[in-house]
Amino acid sequence: MAGGARRALERFGQAAAIYETNQEESNAATTYMNMAVVYSTQKDYDKSLEYHRKALAIRERVHGPRHPSTADSHHNMGTVLREQGDHAAALEA
């Protein structure tokens, strides 16, 4: 993994920990989504999905299943699955 991506993930990880400690769940979810994007750009799709799932779980709990932020998480997961070539799962996401 390139140095810039590694540093970004370190910073995002620090931010997520602070947000979680202070019960800022929406901000933690956004940070997890940002981490997922970094992993996607590095072609680490499994790790990307892991962080998209974390963001989705928080967003569903905080906002509910029909909120635009929750929809963003589903969309992002579908994009990663499509990149992996798993078109059927992408349609389900």
List the relative contact order of the chain as a percent without decimals, with contacts defined as Cα pairs under 8 Å and 6+ residues apart.
20
Using only alpha-carbon positions, what ratio does the radius of gyration of region 1-48 give when scaled by 2.2 N^0.38 Å?
1.13
Per principal axis, largest first, the Cα atoms of the chain extend in Å by 38, 36, 15
Taking all protein chains as present, what is the carbon and sulfur share of the accessible area of the chain, in % to the nearest whole number, probe 1.4 Å?
49
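Kirkwood Rh over alpha-carbon pairs of region 19-70, then Stokes-Einstein at 37 °C and 0.692 mPa s: what D in µm² s⁻¹, rounded to an integer? Each step should come with its number before you reach the end.
Details: Rh = 11.0 Å.
In µm²/s, the coefficient is 299.
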222 nm mean residue ellipticity, helices alone, for the chain (DSSP H n ≥ 4; -39,500 (n - 2.57); rounded to 500)
-27000 deg cm²/dmol
Given charges of +1 on the Cβ of Lys and Arg and -1 on the Cβ of Asp and Glu, with all other atoms neutral, how large is the dipole of the chain about its Cα centre, in debye to the nearest 20?
160
Expressed per residue, the solvent accessible area of the chain in Å² (1.4 Å probe) is about 61
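The values are calculated or read from the model by the stated rules, or taken from the named source; none is laboratory data. This structure is a prediction, so every number in the text was calculated from the model and none was measured. Every residue, glycine as well, gets a Cβ built from its backbone with ideal geometry; the counts of neighbours run over all protein chains shown. The protein model used for the area step is the full one, side chains on, heavy atoms only, and it has no ligands, DNA or RNA in it. Shrake-Rupley method; radii C 1.70, N 1.55, O 1.52, S 1.80 Å.
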